[in-house]
Amino acid sequence: MKYRQLTKEQFEGLHQEFALFLASQSIDVKEWNQIKNEKPTVAEDEMNVFSDVVWDDVLTKTNYVEHFSETSANLFKCDATEIHRIAIKINWNINLLTQDGFEWLMKNPMDNSVDIFKGSKVYQSERNLEIFDLIEKGSNISKGEIFEYFNSIIS
């Protein structure tokens, strides 16, 4: 597998798409139920292939990823050949995971207690694998507003 299998909830949310995926392989509901019961490894393989297809599609469309902790934020812009990062560190006891903490940061980006670093690098492996790794480590896909806000401040 290239990524990881979708969760049960993700499969449930993509029920129609998975049915179409199976249909594209000439597998109907009756046959799928038979495969699940009689050949669980084949069923697992089908679910893994579908998961990789879904992940690849999602990651290819992903342009921004972000990760917040109580006192830091890592904002990523994922271009075709390189990834750009804005790292923000707050040097006092704040919780950016709360609405108040986040709003404070957005209103005070140039405060003396805020350190902002910016950098870029070429992907070391396949683009989608690197983005997937960030997601697996706790990052979330975003629309990029926060990245672009800070990028405009520090450019």
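The values are calculated or read from the model by the stated rules, or taken from the named source; none is laboratory data. Quantities reported herein were computed from a predicted structural model and do not represent experimental measurements. Neighbour counts are summed over all protein chains in view; Cβ atoms, including those assigned to glycine, are modelled from backbone coordinates with ideal geometry. Note: areas computed on protein heavy atoms with side chains; ligands, DNA, RNA excluded. Shrake-Rupley method; radii C 1.70, N 1.55, O 1.52, S 1.80 Å.
Quick notes on this one:
- Set against the labelled values (1) 18.0; (2) 15.9; (3) 15.4, Kirkwood radius over Cα pairs in Å computed from this structure falls on (1).
- Simple label model, 7 Å out from Cα along Cβ direction - Glu103 to Glu9, nm: 2.7 nm
- Difference of contour (0.36 nm per residue) and Cα-Cα distance, Asp79 to Trp92: 1.4 nm
- Between the stretch 1-54 and the stretch 58-74, the alpha-carbon center distance in angstrom: 28 Å
- Members of Lys89/Lys118; Lys107/Lys143; Lys2/Lys143; Lys107/Lys137; Lys61/Lys89; Lys8/Lys137 lying beyond 23 Å, as alpha-carbon distances in this model show: Lys2/Lys143; Lys107/Lys137; Lys61/Lys89
- Sparse-neighbourhood loop sites, trypsin sites (Lys or Arg not before Pro) in the stretch 66-155 - DSSP loop, at most 15 other Cβ within 10 angstrom: Lys137, Lys143
- Looking at the stretch 54-155, the GluC sites (Glu not before Pro) that sit in a DSSP loop and have at most 14 other Cβ atoms within 10 Å of their own Cβ are Glu70, Glu126.
- Amide H contacts for Ser142 (H built 1.01 Å from N in the peptide plane; partners 5 or more residues away or on another chain; cut-off under 5 Å): Tyr64, Val65, Glu66.
- Relative to the longest principal axis of the Cα atoms of the chain, helix 29-38 runs at roughly 90 degrees.
- Folded to 0 to 90 degrees: helix 40-61 orientation relative to the chain principal axis, Cα: 40 degrees
- Length-normalised contact order for the stretch 1-151 - Cα pairs under 8 Å, 6+ apart - percent: 23 percent
- Sequence-distant residues sharing a close amide H with Thr71 (under 5 Å, placed H): Leu96
- Percent carbon-and-sulfur accessible area, the stretch 87-155, ignoring ligands, DNA and RNA, probe 1.4 Å: 52 percent
- Relative to the dominant Cα principal axis of the chain, helix 15-24 is inclined by about 50°.
- Accessible surface for the stretch 68-155, divided over its residues, is 58 Å² per residue with a 1.4 Å probe.
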